[in-house]
1. If 184, 28 are ordered by their accessible area, calculated over protein heavy atoms with a 1.4 Å probe, which sequence runs from highest to lowest?
2. What size of dipole, in debye to the nearest 20, comes out for segment 99-224 about its Cα centre when the only charges are +1 on Lys and Arg C-beta atoms and -1 on Asp and Glu C-beta atoms?
3. So how far apart, in nm, are the two label points at residue 237 and residue 115 if each is 7 Å from Cα heading toward Cβ?
4. With +1 on each Lys and Arg Cβ and -1 on each Asp and Glu Cβ, and nothing else charged, work out how big the dipole of the chain is about its Cα centre, in Debye to the nearest 20.
5. Projecting each Cα onto the charge dipole of the chain (Lys/Arg +1, Asp/Glu -1 at the beta carbon, about the Cα centre), which of 194, 136, 173 comes out farthest on the positive side?
6. Suppose all protein chains stay in the model; what accessible area per residue would a 1.4 Å probe give for the chain, in Å²?
7. With each run of n ≥ 4 DSSP H residues scored as -39500 (n - 2.57), what mean residue ellipticity at 222 nm is computed for the chain after dividing by its residue count and rounding to the nearest 500 deg cm²/dmol?
8. Test of understanding: extend the Cα→C-beta vector of residue 12 to 7 Å, then name every residue of segment 42-61 with backbone N under 15 Å from that spot.
Amino acid sequence: MRKTERILVVDDENLARALLCELVGQYMPDAKIDDAGNPLVALEMMEETLYSLLFLDYEMPRMNGGELLEKITGRKYPPAVIIVSAHKDFDFAQKGIRCGVIDYVVKPIDNRQIKDVIDKYRQKCGSEPSPQSEVIGIDTFKGKIPVKKSSIAAIKMLTRSSLEIILTNGEKLPPTTSSLHAVMSLLPENFIYLNRRCIINSDMIRLISNSYHVEFRLGDQVITEKCSRKKMAELRQRFDRR
(Lines give C-alpha, C1' and ligand atoms only; values in the text may rest on other atoms or scores of the structure.)
Protein backbone atom coordinates (compact mmCIF):
# COMPACT_ATOMS: atom_id res chain seq x y z
CA MET A 1 0.00 0.00 0.00
CA ARG A 2 1.36 3.41 -0.97
CA LYS A 3 2.25 5.58 2.03
CA THR A 4 0.27 8.79 2.33
CA GLU A 5 2.40 11.89 1.79
CA ARG A 6 2.39 14.40 4.65
CA ILE A 7 2.60 18.09 3.75
CA LEU A 8 2.97 21.08 6.08
CA VAL A 9 1.94 24.62 5.10
CA VAL A 10 3.39 27.43 7.25
CA ASP A 11 2.09 30.99 6.85
CA ASP A 12 1.07 33.58 9.43
CA GLU A 13 -1.70 34.98 7.20
CA ASN A 14 -4.89 32.95 7.74
CA LEU A 15 -6.44 33.56 4.32
CA ALA A 16 -3.18 32.93 2.44
CA ARG A 17 -2.61 29.73 4.41
CA ALA A 18 -6.13 28.46 3.73
CA LEU A 19 -5.81 29.22 0.01
CA LEU A 20 -2.46 27.46 -0.22
CA CYS A 21 -3.84 24.36 1.53
CA GLU A 22 -6.76 24.32 -0.90
CA LEU A 23 -4.59 24.66 -4.01
CA VAL A 24 -2.09 22.01 -2.88
CA GLY A 25 -4.99 19.68 -2.07
CA GLN A 26 -6.34 20.03 -5.59
CA TYR A 27 -3.09 18.77 -7.13
CA MET A 28 -2.28 16.23 -4.39
CA PRO A 29 -5.71 14.91 -3.39
CA ASP A 30 -4.29 11.83 -1.65
CA ALA A 31 -1.89 13.78 0.59
CA LYS A 32 -2.53 14.68 4.24
CA ILE A 33 -2.09 18.44 4.59
CA ASP A 34 -1.44 20.14 7.95
CA ASP A 35 -0.93 23.85 8.56
CA ALA A 36 0.72 26.11 11.12
CA GLY A 37 0.36 29.85 11.72
CA ASN A 38 3.95 30.43 12.83
CA PRO A 39 7.38 28.72 12.62
CA LEU A 40 7.51 27.83 16.32
CA VAL A 41 4.35 25.76 16.05
CA ALA A 42 5.69 24.28 12.80
CA LEU A 43 8.87 23.14 14.56
CA GLU A 44 6.82 21.38 17.24
CA MET A 45 4.73 19.65 14.56
CA MET A 46 7.86 18.51 12.70
CA GLU A 47 9.17 16.95 15.91
CA GLU A 48 6.13 14.65 15.97
CA THR A 49 5.51 14.09 12.24
CA LEU A 50 7.82 13.30 9.34
CA TYR A 51 6.72 15.63 6.52
CA SER A 52 7.83 15.04 2.94
CA LEU A 53 7.07 18.57 1.73
CA LEU A 54 7.02 21.97 3.44
CA PHE A 55 5.47 25.14 2.01
CA LEU A 56 7.11 27.94 3.99
CA ASP A 57 6.21 31.63 4.03
CA TYR A 58 9.45 33.60 4.24
CA GLU A 59 8.22 36.84 5.82
CA MET A 60 6.87 36.04 9.29
CA PRO A 61 7.24 37.68 12.74
CA ARG A 62 9.27 36.20 15.64
CA MET A 63 11.10 33.74 13.35
CA ASN A 64 11.24 34.12 9.57
CA GLY A 65 11.36 31.35 7.01
CA GLY A 66 15.13 31.57 6.65
CA GLU A 67 15.66 30.96 10.36
CA LEU A 68 13.33 27.97 10.28
CA LEU A 69 15.22 26.60 7.29
CA GLU A 70 18.49 26.73 9.22
CA LYS A 71 16.94 24.75 12.08
CA ILE A 72 15.66 21.91 9.89
CA THR A 73 18.39 21.68 7.24
CA GLY A 74 20.68 19.49 9.36
CA ARG A 75 18.02 16.96 10.26
CA LYS A 76 18.33 13.34 9.20
CA TYR A 77 15.14 13.43 7.14
CA PRO A 78 14.42 17.07 6.31
CA PRO A 79 11.36 17.80 4.16
CA ALA A 80 11.60 19.19 0.67
CA VAL A 81 10.91 22.92 0.90
CA ILE A 82 9.04 25.36 -1.31
CA ILE A 83 9.32 28.98 -0.20
CA VAL A 84 6.35 31.35 -0.41
CA SER A 85 7.27 35.02 -0.69
CA ALA A 86 5.73 38.36 -1.60
CA HIS A 87 9.03 39.40 -3.21
CA LYS A 88 10.84 37.89 -6.17
CA ASP A 89 14.43 38.43 -5.12
CA PHE A 90 17.41 36.81 -6.87
CA ASP A 91 19.69 36.87 -3.82
CA PHE A 92 17.02 35.20 -1.73
CA ALA A 93 16.54 32.56 -4.41
CA GLN A 94 20.26 31.78 -4.41
CA LYS A 95 20.25 31.44 -0.63
CA GLY A 96 17.26 29.16 -0.87
CA ILE A 97 19.06 26.87 -3.32
CA ARG A 98 22.00 26.61 -0.92
CA CYS A 99 19.60 25.62 1.86
CA GLY A 100 18.10 22.87 -0.25
CA VAL A 101 14.92 24.65 -1.31
CA ILE A 102 13.38 23.12 -4.43
CA ASP A 103 11.72 26.28 -5.67
CA TYR A 104 9.68 29.27 -4.55
CA VAL A 105 6.37 30.87 -5.45
CA VAL A 106 5.48 34.54 -5.37
CA LYS A 107 2.29 35.93 -3.86
CA PRO A 108 -0.43 36.29 -5.00
CA ILE A 109 -0.38 32.55 -5.57
CA ASP A 110 -2.34 30.92 -8.38
CA ASN A 111 -3.06 27.39 -9.60
CA ARG A 112 -0.36 27.42 -12.26
CA GLN A 113 2.42 28.26 -9.80
CA ILE A 114 1.36 25.47 -7.45
CA LYS A 115 1.09 22.92 -10.26
CA ASP A 116 4.58 23.85 -11.52
CA VAL A 117 6.31 23.58 -8.13
CA ILE A 118 4.57 20.30 -7.28
CA ASP A 119 5.70 18.87 -10.63
CA LYS A 120 9.25 20.02 -9.85
CA TYR A 121 9.04 18.46 -6.37
CA ARG A 122 8.01 15.13 -7.88
CA GLN A 123 10.82 15.25 -10.44
CA LYS A 124 13.58 16.21 -8.01
CA CYS A 125 12.53 14.08 -5.05
CA GLY A 126 11.43 11.01 -6.96
CA SER A 127 7.86 11.32 -5.72
CA GLU A 128 5.70 9.50 -8.23
CA PRO A 129 2.33 10.90 -9.18
CA SER A 130 -0.50 9.24 -7.33
CA PRO A 131 -2.02 6.18 -9.02
CA GLN A 132 -5.14 8.35 -8.99
CA SER A 133 -3.41 11.27 -10.76
CA GLU A 134 -6.48 11.43 -13.00
CA VAL A 135 -8.36 12.35 -9.85
CA ILE A 136 -8.82 15.93 -8.68
CA GLY A 137 -10.12 17.10 -5.30
CA ILE A 138 -13.34 19.10 -5.60
CA ASP A 139 -14.39 21.19 -2.59
CA THR A 140 -18.11 20.98 -1.87
CA PHE A 141 -20.30 22.13 0.99
CA LYS A 142 -20.14 18.52 2.23
CA GLY A 143 -16.33 18.38 2.12
CA LYS A 144 -13.70 17.47 -0.49
CA ILE A 145 -14.75 14.87 -3.05
CA PRO A 146 -12.27 13.03 -5.32
CA VAL A 147 -13.47 13.08 -8.93
CA LYS A 148 -11.97 11.40 -11.97
CA LYS A 149 -11.42 14.00 -14.70
CA SER A 150 -12.70 11.77 -17.49
CA SER A 151 -15.96 11.23 -15.58
CA ILE A 152 -16.85 14.94 -15.78
CA ALA A 153 -19.23 15.90 -18.60
CA ALA A 154 -20.04 19.52 -17.82
CA ILE A 155 -19.62 22.21 -15.18
CA LYS A 156 -22.16 24.99 -14.76
CA MET A 157 -21.90 28.14 -12.69
CA LEU A 158 -24.64 28.53 -10.10
CA THR A 159 -23.13 31.59 -8.39
CA ARG A 160 -19.66 33.19 -8.49
CA SER A 161 -18.40 30.70 -5.89
CA SER A 162 -20.70 27.73 -6.46
CA LEU A 163 -20.76 25.26 -9.34
CA GLU A 164 -22.79 22.27 -10.47
CA ILE A 165 -20.67 19.40 -11.79
CA ILE A 166 -22.46 16.90 -14.03
CA LEU A 167 -20.90 13.47 -14.58
CA THR A 168 -20.97 11.44 -17.79
CA ASN A 169 -23.56 9.07 -16.29
CA GLY A 170 -25.91 11.99 -15.69
CA GLU A 171 -25.35 12.22 -11.93
CA LYS A 172 -24.73 15.60 -10.30
CA LEU A 173 -22.21 16.27 -7.51
CA PRO A 174 -23.15 18.37 -4.47
CA PRO A 175 -22.65 22.11 -5.20
CA THR A 176 -18.98 23.09 -5.08
CA THR A 177 -17.35 25.96 -3.21
CA SER A 178 -14.93 26.69 -6.07
CA SER A 179 -14.95 29.15 -8.95
CA LEU A 180 -15.35 28.07 -12.57
CA HIS A 181 -11.85 29.36 -13.37
CA ALA A 182 -10.27 27.41 -10.49
CA VAL A 183 -11.78 24.10 -11.60
CA MET A 184 -11.00 24.75 -15.29
CA SER A 185 -7.30 25.19 -14.43
CA LEU A 186 -7.23 21.56 -13.19
CA LEU A 187 -8.78 20.02 -16.30
CA PRO A 188 -7.14 18.72 -19.52
CA GLU A 189 -7.39 20.32 -22.97
CA ASN A 190 -10.52 18.48 -24.05
CA PHE A 191 -12.53 20.71 -21.69
CA ILE A 192 -13.68 24.00 -23.18
CA TYR A 193 -15.77 27.00 -22.21
CA LEU A 194 -19.10 27.01 -24.05
CA ASN A 195 -19.85 30.40 -22.56
CA ARG A 196 -18.92 32.35 -19.43
CA ARG A 197 -21.07 30.12 -17.22
CA CYS A 198 -20.46 26.64 -18.60
CA ILE A 199 -17.53 24.29 -19.31
CA ILE A 200 -18.02 21.08 -21.25
CA ASN A 201 -16.00 17.96 -21.98
CA SER A 202 -15.77 18.31 -25.77
CA ASP A 203 -15.61 14.52 -26.15
CA MET A 204 -19.27 14.41 -25.06
CA ILE A 205 -20.56 16.64 -27.88
CA ARG A 206 -22.89 14.85 -30.30
CA LEU A 207 -24.25 17.72 -32.40
CA ILE A 208 -23.44 21.37 -33.13
CA SER A 209 -26.35 23.36 -34.54
CA ASN A 210 -26.32 26.49 -36.69
CA SER A 211 -28.17 28.35 -33.94
CA TYR A 212 -25.16 28.38 -31.60
CA HIS A 213 -26.28 25.41 -29.53
CA VAL A 214 -24.55 22.09 -28.85
CA GLU A 215 -26.01 18.75 -27.82
CA PHE A 216 -24.30 16.22 -25.60
CA ARG A 217 -25.52 12.94 -24.18
CA LEU A 218 -25.44 12.04 -20.47
CA GLY A 219 -26.59 8.47 -20.03
CA ASP A 220 -30.11 8.41 -21.46
CA GLN A 221 -30.43 12.20 -21.43
CA VAL A 222 -29.68 14.62 -24.28
CA ILE A 223 -28.66 18.07 -22.99
CA THR A 224 -28.67 21.26 -25.07
CA GLU A 225 -26.47 24.23 -24.11
CA LYS A 226 -25.97 27.61 -25.75
CA CYS A 227 -22.49 28.34 -27.10
CA SER A 228 -20.92 31.77 -27.54
CA ARG A 229 -20.06 32.83 -31.09
CA LYS A 230 -16.41 33.15 -30.11
CA LYS A 231 -16.21 29.47 -29.14
CA MET A 232 -18.29 28.07 -32.00
CA ALA A 233 -15.46 27.95 -34.57
CA GLU A 234 -13.14 26.18 -32.14
CA LEU A 235 -15.83 23.66 -31.26
CA ARG A 236 -16.51 22.91 -34.92
CA GLN A 237 -12.82 22.24 -35.53
CA ARG A 238 -12.67 19.82 -32.62
CA PHE A 239 -15.90 18.13 -33.65
CA ASP A 240 -14.77 17.72 -37.28
CA ARG A 241 -11.46 16.08 -36.22
CA ARG A 242 -13.23 13.31 -34.36
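The values are calculated or read from the model by the stated rules, or taken from the named source; none is laboratory data. Predicted model, so just to flag it, every value in this text is computed and none were measured. Using ideal geometry, Cβ is built from the backbone for each residue, glycine included, and neighbour counts are taken over all protein chains shown. The protein model used for the area step is the full one, side chains on, heavy atoms only, and it has no ligands, DNA or RNA in it. Shrake-Rupley method; radii C 1.70, N 1.55, O 1.52, S 1.80 Å.
1. 184, 28
2. That gives a dipole near 300 debye.
3. In this crude label model, residue 237 to residue 115 measures out at 1.9 nm.
4. The dipole magnitude comes to about 1060 debye.
5. 194
6. The answer is 55 Å² per residue.
7. -9500 deg cm²/dmol
8. Backbone N within reach: 42-43, 56-61.
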